[in-house]
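The values are calculated or read from the model by the stated rules, or taken from the named source; none is laboratory data. In this text, all values refer to a predicted model and were calculated from it rather than measured experimentally. Neighbour counts are summed over all protein chains in view; Cβ atoms, including those assigned to glycine, are modelled from backbone coordinates with ideal geometry. Calculation scope for accessible area: heavy atoms of the full protein, side chains included, ligands and nucleic acids excluded. Shrake-Rupley method; radii C 1.70, N 1.55, O 1.52, S 1.80 Å.
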Amino acid sequence: MTTIAKENTKEALIEAATEIFAEKGYEDATLREICAKAGANNAAINYHFRSKRDLYNETLKQACSGRSICDELDGYADATPVERLKQFIQALVERVFDKSKTAIHTRLMLREMAQPTDATEELVRDLIRPDFDYLMEILDEILPGSESAQQKHLIIFSIIGQCVYYKIATPVVTLLVSKKEFRSYNASLLTDHITRFTLAALGVEPLLS
């Protein structure tokens, strides 16, 4: 097993745990192999995280960049709801294309979605729910009284789905459109497309102008 060389033991444990949890899942991963990969002694996890569960929760949060998107958009509180929606889409797309987040982070999140543990509840509460509520507030302003809560929920899932699809389906998209075209799908292009497509679907702006 390759040892991760890190000066910061906590950081090394998170990186090692991310790889092993992504590969084996929560139940089959062992603290001993995580510590060995991190180059840390077996007491390090109790010192830094208290338990295997707390370490796992932290790896999931780090895979999601460690904070909700709405926390990053405090400076746009006075913007119009359409402007705030555009900024949210841009921030989510940029996070999806964040080069510091590797395929391992994606594998970990997909494994948790396919085989959810109790950590999903904490992840939703701390990081995902705030963004969901933020988008609901925006839609309440853009579509006042014209859509049911259920319809707005579906709109939110559609927005998020558009943003993350290119990450989780990279191999399929690449085969469909060629590597050259996929390389042109940068954050700027996708932000513009998803924003225009969403606003057109909401009847706010035309799709083509």
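Per-structure values
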quantity	calculated
Helices (runs of 4 or more DSSP H) enclosed by segment 62-174 - at least 1 residues per element that are under 13 Å from the mean Cα position of the chain (by Cα), farther than 30 Å from residue 24 by Cα and among the small types (Gly, Ala, Ser)	81-96
Residue pairs meeting the criteria (Cβ under 8 Å; at least 6 apart or on separate chains; first in contact (Cβ under 8 Å) with a residue 40 or more places away in the chain, in segment 129-146; second surrounded by fewer than 16 Cβ atoms within 10 Å (Cβ to Cβ) and part of a helix (DSSP H, G or I))	130/71
Residue check for residue 190: over 21 Å from residue 107 (Cα atoms) and open to solvent by 60 Å² or more (accessible area, probe 1.4 Å)	no
Residues of segment 39-60 that turn out to be open to solvent by less than 40 Å² (accessible area, probe 1.4 Å), under 19 Å from the mean Cα position of the chain (by Cα) and not aromatic (Phe, Trp, Tyr), as a count	4
Filtered residues of segment 15-38 (kept if β-branched (Val, Ile, Thr) and open to solvent by less than 20 Å² (accessible area, probe 1.4 Å))	18, 20, 34
Residue ID - nearest to residue 89 (Cα to Cα), chosen from residues in segment 121-131 that are open to solvent by 30 Å² or more (accessible area, probe 1.4 Å) and touching a helix residue (DSSP H, G or I) at 6+ places or on another chain (Cβ under 6 Å)	130
